[in-house]
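**Q** Mind looking over this structure? Questions follow.
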């Protein structure tokens with residue numbers, strides 16, 4: 001599992017050495033090669049801006065304020081040395097303190113702006129690591145429950161069923177897909193207990209709502225059953241599997257239910273539904289059948305609980321687990337933040353869309369491999385402040401480029417196309433067709449009101465490029 005590298009805060013002392021080294025290098029070059037202009041007083045823009053701008057944008061507030069102070073100090077000293085017979089009144093002139101003050105102010109402002117990005121980056125890293133840790137715990141719990149389920153499988157074998165038959169039937173529960181769990185449960189009942197008709201009802205307020213049913217014939221199945229004195233209500237109230245032998249009357253039993261077992265979640269704290277058996281061979285209807293139905297309902301509840309936790313954890317992750325690019329939901333949120341920042345401070349902002357139409361018909365395994373390769377290429381080509389996202393459409397990426405005009409974004413696209421051309425033969429070495437890449441660029445401009453305009457413009461700007469093997 002990938003992990004985001006920590007921010008440049010880990011370089012605690014290097015920024016000071018870099019500032020001093022840069023200023024000393026510029027001053028040395030000045031004294032050796034430009035002696036007629038000590039301090040580069042006649043040069044505009046002043047070379048010290050290189051130190052201030054690079055340090056503040058790399059290290060944040062502390063680097064910005066230190067580079068601003070040191071640049072101002074070097075400038076004042078060299079300015080003083082260049083004035084013969086300097087007097088106190090010279091230190092009060094604007095020419096003496098104008099540029100030093102600008103060095104300091106620009107270092108502070110740019111450093112603080114960069115520091116805001118560093119804080120946001122660290123917060124995202126911490127949040128992502130927290131979600132990954134929660135995800136790993138869910139996976140560990142699921143593996144433990146799967147092993148426990150397999151142990152229970154071996155304890156309910158009958159004379160007519162082998163361990164292999166039951167194990168194969170139970171494989172449907174080894175999933176984190178909610179839609180696959182309930183049909184798999186009913187298949188287990190049919191194969192292991194020879195059940196002909198069975199169903200699963202979910203508790204919805206004051207009634208049971210039909211979710212999944214398995215029918216041998218065309219028997220009627222009610223869509224909703226009120227919560228009352230039915231066998232399902234008794235199973236839900238007692239929180240254990242019950243059969244028609246446990247009650248005296250069958251008048252209020254909908255659909256001729258003979259066994260009903262509760263499906264419970266949250267460590268068996270509350271009932272979320274019931275598993276019903278409506279029809280099965282008479283000779284199979286024994287006390288063991290009731291216990292088996294209760295056991296299968298317990299498996300079902302555990303699988304549902306794990307699938308729910310897994311889905312909740314996956315939805316909270318901001319990075320795609322295949323490409324390690326950020327998710328589309330996070331893209332919408334981050335694009336709005338960058339759009340507001342660009343609009344407020346009149347900064348450049350560009351958006352790039354890259355689509356691979358040929359991947360829509362590829363297999364899941366092949367598509368994942370290609371997307372991982374393209375994602376690695378993208379991350380190696382872009383800057384640290386550029387942000388890569390996976391699109392909601394298969395085989396597409398979004399790339400947000402802060403402080404970059406549309407013209408600069410098109411240069412980035414040109415460089416990416418060159419890299420993709422070299423990779424296309426390797427990535428599609430078994431495909432004799434052409435590899436198509438569609439690229440679009442959009443930039444923020446004054447007058448834009450919503451970030452959706454950027455998305456619309458970048459889609460309208462898509463241009464197709466073909467690479468042959």
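The values are calculated or read from the model by the stated rules, or taken from the named source; none is laboratory data. What you see is a predicted model, and the numbers here were worked out from it, not measured in a lab. Cβ sites come from the backbone with ideal geometry, for glycine too, and all protein chains shown count toward neighbours.
**Q** Please verify whether residue 50 is under 46 Å from the mean Cα position of the chain (by Cα), modelled with pLDDT under 85 and assigned to a helix (DSSP H, G or I), treating the condition exactly as stated.
**A** For residue 50, the condition - under 46 Å from the mean Cα position of the chain (by Cα), modelled with pLDDT under 85 and assigned to a helix (DSSP H, G or I) - is met.
**Q** Take the stretch 285-301 and flag every residue that is in contact (Cβ under 8 Å) with a residue 40 or more places away in the chain and either in contact with a helix residue (DSSP H, G or I) (Cβ under 6 Å, 6 or more places away or on another chain) or crowded, with 21+ Cβ neighbours inside 10 Å (or both).
**A** Result: 289, 290, 292, 293, 296, 297, 299, 300.
**Q** Here's something else I'd like to know. Note down all Cβ pairs under 9 Å where the first residue falls in the stretch 216-229 and is within 12 Å of residue 204 (Cα to Cα), the second is assigned to a loop (DSSP other than H, G, I, E, B), and they're at least six residues apart or on different chains.
**A** Going by the 9 Å Cβ cut-off, the qualifying pairs are 226/206; 227/205; 227/206.
**Q** Let me ask something additional. Only one of 423, 401, 454 is within 26 Å of the chain's Cα centre (by Cα), modelled with pLDDT under 85 and not in a loop (DSSP other than H, G, I, E, B); which?
**A** Answer to the check: 423.
**Q** Further question: Among the residues of the stretch 188-221, what is the count of those that are assigned to a loop (DSSP other than H, G, I, E, B), surrounded by 14 or more Cβ atoms within 10 Å (Cβ to Cβ) and in contact with a strand residue (DSSP E or B) (Cβ under 8 Å, 6 or more places away or on another chain)?
**A** Residues that pass the stated criteria total 4.
**Q** Would you be able to say whether some residue in the stretch 27-47 is within 54 Å of the chain's Cα centre (by Cα), modelled with pLDDT of 85 or more and exposed (fewer than 13 other Cβ atoms within 10 Å of the Cβ)?
**A** Yes, because at least one residue in the stretch 27-47 is within 54 Å of the chain's Cα centre (by Cα), modelled with pLDDT of 85 or more and exposed (fewer than 13 other Cβ atoms within 10 Å of the Cβ).
**Q** Next up: Within the group 342, 293, 297, which residue is farther than 30 Å from residue 272 by Cβ, touching a strand residue (DSSP E or B) at 6+ places or on another chain (Cβ under 7 Å) and either at pLDDT 80 or above or assigned to a helix (DSSP H, G or I) (or both)?
**A** After ruling out the rest, the residue left standing is 342.
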